[in-house]
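The values are calculated or read from the model by the stated rules, or taken from the named source; none is laboratory data. All figures in this text were calculated on a predicted structure; none of them were measured in a lab. Here the Cβ positions follow ideal geometry from the backbone for every residue, glycine too, while neighbour counts run over all protein chains shown. Quick note on the areas: whole protein, heavy atoms, side chains included, nothing else; ligands and nucleic acids left out. Shrake-Rupley method; radii C 1.70, N 1.55, O 1.52, S 1.80 Å.
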Amino acid sequence: MPLTHTKDLFAKALKGKYALGAFNVNNMELLQAIIEACEEEKAPVMLQISKGARQYANPVYLKKLIEAAVSLSNIPIAVHLDHGDSFELCKECIDEGFTSVMIDASHDPFEKNVETCRKVVEYAHKHNCVVEGELGMLVGAQHDDGEEGGAYSKGGAYTHPEEAVQFVKQSGVDSLAVAIGNSHGAYKFKGEQHLDLERLKAIKKALMDAGLGDYPLVLHGASSVPKDLVTEINKYGGKMGEETAGVPEADIEIARRVGCTKVNIDTDLRLAMTAAIRKAFFENPKEFDPRKYMGPARTKVKDLVRHKVRNVLCCAGHAFD
Ligand SMILES: O=C(CO)COP(=O)(O)O
Ligand SMILES: O=C[C@H](O)COP(=O)(O)O
Ligand SMILES: [Zn+2]
Ligand SMILES: [Zn+2]
């Protein structure tokens, strides 16, 4: 089975009122965990590759691993560039056959963001690829070099509904990542906080009223940073701030119902993998066969993805709609 096009996945998700999980892939075990969970849950899935993943694993390895996943499974799989930071990187991925790319020029002024997106859209649309843009800036740790804080988006800037309309019209992007209080990483909030879901509704409505239809919105930073994973990491020797909190899963469910079509999850996968590896090291300090800790790590990530697609995103059971 070949890759499924991102635009086909979006069309079905919008019709079926479910969200697609866009899970980040950095190595074989993460990929296997995502695919096995989605296969068993009959969920369509988006695999996303960041610039960092390409640097870590090598684009050819990633491409071949994904080819293996596609040929061994029956579910619809799309491949997306996460946070493309230049036209050149987007072009490389489009040429490699990615079904969608994100160009993230959200830190630039509006006009410059539009211009950068337009250039990517022009190339992508000629090559059967669709484009995600971003307007507004996520709070906190986006593009961060520091320990926990954001380098240049500490305050964030929420997406304005009318600006979103102008941005989509002028740039021609096919989906839009919004800033509604979401942020990347494990240190999103101290204590329980919520997304600005009223703003999300207003953005969706403004796009609809402007004749852009049931327009696909994207939620970055959608990890919930489960307390039990943080506790487990710390129990087995980790040193994560216990008071950290992510996006409540109930907020993600509401975002899905409002019309968020793509939900990005990376940190929760990292936490699951780290918790399982730390536990295996702690419980079996004499063990040195990587399969003995990567195996449980893969299983833990698989359980997490299963939970997300079944209980939060509600895309389980929709693979063959
Ligand atoms: O937005 C993401 C990838 O683009 C991931 O967000 P998290 O860090 O919340 O998992
Ligand atoms: O939003 C960022 C994603 O979690 C990817 O992270 P990365 O750049 O460390 O691969
Ligand atoms: Zn961004
Ligand atoms: Zn992101």
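Here are a few things to note about the model shown:
- Calculated FRET efficiency for the pair residue 108/residue 74, C-beta based, R₀ 30 Å, to 0.05: 0.15
- Within the assembled protein chains, the solvent-accessible surface assigned to residue 115 is about 110 Å², based on a 1.4 Å probe.
- Within the accessible area of the chain, the carbon and sulfur atoms contribute 54%, probe 1.4 Å, all protein chains present.
- 5 angstrom amide H check on residue 177, placed H, neighbours 5+ away: 133, 134, 135, 218
- Potential lengthening between residue 15 and residue 86 on full extension [0.36 nm per residue; Cα-Cα distance subtracted]: 22.4 nm
- Annotation: residue 321 carries an accessible surface of approximately 90 Å², with a 1.4 Å probe and no ligand, DNA or RNA atoms counted.
- Mean-square fluctuations from a GNM of the chain, with a 10 angstrom spring cutoff on Cα atoms, peak among 234, 58, 284 at 284.
- Filtered trypsin sites (Lys or Arg not before Pro), segment 1-52: DSSP coil and at most 14 other beta carbons within 10 Å: 17
- Charge dipole (debye, nearest 20) of the chain; +1 at Cβ of Lys and Arg, -1 at Cβ of Asp and Glu: 640 debye
- Full extension of the chain between residue 95 and residue 210 yields a length gain of 38.1 nm, computed as 0.36 nm times the residue separation minus the alpha carbon distance.
- Gyration tensor (alpha-carbon) shape descriptor, segment 6-312, a/c threshold 1.5: prolate
- When only Cα pairs below 8 angstrom with a gap of at least 6 residues are kept, segment 6-312 shows a relative contact order of 19 percent.
- Most to least accessible of 46, 208 (protein chains only, probe 1.4 Å): 208, 46
- Note on the chain: helix-only mean residue ellipticity at 222 nm, from DSSP H runs of 4+ residues weighted -39500 (n - 2.57) and normalised by residue number, equals -14500 deg cm²/dmol.
- Charge-dipole axis of the chain as Lys and Arg at +1 and Asp and Glu at -1 on Cβ define it, positive-most pick from 216, 202, 4: 4
- Accessible area per residue for segment 6-312 is 43 Å², calculated with a 1.4 Å probe on protein heavy atoms, without ligands, DNA or RNA.
- Loop exposure criterion: chymotrypsin sites (Phe, Trp or Tyr not before Pro), DSSP state outside H, G, I, E and B, at most 10 other Cβ atoms within 10 Å. Applied to the chain, the longest stretch between such sites is 1-287.
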